[in-house]
Amino acid sequence: MTTVNLLAYRDPELFARLLRRIIPALEEQVQKLGRRVRIMEVCGTHTVSFSRTGVRQVLADFVELISGPGCPVCVTDQSDIDHMIAYAKRPGTVVATFGDMMQVPGSAASLRRQRAEGADVRVVYSPSQAVDLALENPQKQVVLLGVGFETTAPGVALSLKRAARDGVRNYFVYSVHKLTPPALKALVEDPDHRLDGFLLPGHVSAIIGRRGWTLLELLNQPAVIGGFEPLDLVVSVYRLVQEMKRPVRLVVNNYGRVVREDGNPAAQRLLEETFEAAPARWRGFGMLPQSGLEISETYRAFDARVALPVDRPVTKAVRGCRCGEVVKGKETPLQCRLFGTACTPERPLGPCMVSDEGTCSIYYQYERSHHRDRREEPHEDYALARGWRQPDA
């Protein structure tokens, strides 16, 4: 393949010429395989980029791009969301959260609804801000909701080290951080799931490195680490199709300007010091072994699960919501009967419609115009659909 400048998208004419060469070459490679290929983009930011730039539609005739478990809010299990809301109800407690968790519906409420009813729920933009909240409110217990993949966990780890160093006794973390490779292993081992390869997340790979995906090489799965610009996307798909034809597949790093072979050793050491791998429950997947990060023994005093137990709430699923199947790539949002009718970004029934990286939210914003095969239906009553109130007698 001709070497291309991956930053050439800044020159529109050069970018257009490169695309005119690469896309026909990609289509020719797919034709040699004799079928349309099915590739999963694991990262939510990739899902945004494919749809926002139109690359998904450009490739649609010969490449089916399937959105995977790349949204940390979306893969957070319903029981964990209910636990977060239970902390908001706890007297004397401040819940600190990133903004995309506010509107995620639990079984009986959301963090936004609890705040409207008087709970002390505050949006922070970094874990360090949550430590500041604890210092400013010594009479209260501050619980940071730790949601994210390998990318965001180091920031939470630094907050734990700061709290320990400064003797902050009223700061706690409810960790539901997830590790990405075990979820991909579960997808590969699912006999009902036919995938030809994975486009791997650049942000996660910057932490764990190309070597962090060795598991996929052991499973002989075609995989490419890709960037996020249109040319990055197309070239990564091309290289993934090339890898499919090899008898022995290696993880290809197509994002070398950011991702190194061994990733970020300092971040890895930080995670090893403050967290330990543990079984974790994922929306759609159930319990996956060694796929979560729980707070290590050294920092256990800051673990909200241990230090501030709350009554386990009763968790109820939303009837008809297909978010669990969407995050596994088993269905698209367009196959959900609630999509765009009862469930919209303004009134979401599941987390896939809440987060900016949620597949349903992305499809609602960018893909609906390409799929007008469903009749629009009036919105159902939101509280009734959520089960937050009973139908009138």
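Structure values in brief
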read-out	value
Scope segment 59-103; condition in contact (Cβ under 8 Å) with a residue 60 or more places away in the chain, out of contact with any Ser or Thr (no Cβ under 6 Å at 6 or more places or on another chain) and β-branched (Val, Ile, Thr); matching residues	Val63, Ile66, Val75, Thr76, Ile81, Ile85, Thr93
Given (1) without any contact (Cβ under 8 Å) to a residue 60 or more places away in the chain; (2) buried (at least 22 other Cβ atoms within 10 Å of the Cβ), index of the condition Arg211 fails	(2)
Residues that are open to solvent by 10 Å² or more (accessible area, probe 1.4 Å) and in a helix (DSSP H, G or I), drawn from segment 123-162	Pro127, Ser128, Gln129, Asp132, Leu133, Leu135, Glu136, Pro154, Gly155, Leu158, Lys161, Arg162
The lone exception for Leu18 - which of (1) at negative phi; (2) more than 25 Å from the chain's Cα centre (by Cα); (3) at pLDDT below 95; (4) surrounded by fewer than 21 Cβ atoms within 10 Å (Cβ to Cβ) it fails	(4)
Unique residue being assigned to a helix (DSSP H, G or I), under 17 Å from Val37 (Cβ atoms) and touching a helix residue (DSSP H, G or I) at 6+ places or on another chain (Cβ under 9 Å) when the list is Gln268, Gln242	Gln242
Cross-chain or 6+ apart pairs with Cβ under 6 Å, segment 167-192 first and more than 30 Å from Ala134 (Cα to Cα), then open to solvent by less than 20 Å² (accessible area, probe 1.4 Å) and among the small types (Gly, Ala, Ser)	Pro182/Ser291
Number of the condition not met by Gly329 [criteria: (1) out of contact with any helix residue (DSSP H, G or I) (no Cβ under 8 Å at 6 or more places or on another chain); (2) open to solvent by less than 20 Å² (accessible area, probe 1.4 Å); (3) assigned to a loop (DSSP other than H, G, I, E, B)]	(1)
Unmet requirement for Ala157, which otherwise passes all of (1) touching a helix residue (DSSP H, G or I) at 6+ places or on another chain (Cβ under 8 Å); (2) closer than 16 Å to Cys43 by Cβ	(2)
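The values are calculated or read from the model by the stated rules, or taken from the named source; none is laboratory data. The structure presented is a predicted model; accordingly, all values stated were derived computationally and were not measured. A quick note on method: Cβ atoms are made from the backbone with ideal geometry, for glycine too, and the neighbour counts reach across all protein chains shown. Side chains are part of the model used for accessible areas, which takes the heavy atoms of the whole protein and leaves out ligands, DNA and RNA. Shrake-Rupley method; radii C 1.70, N 1.55, O 1.52, S 1.80 Å.
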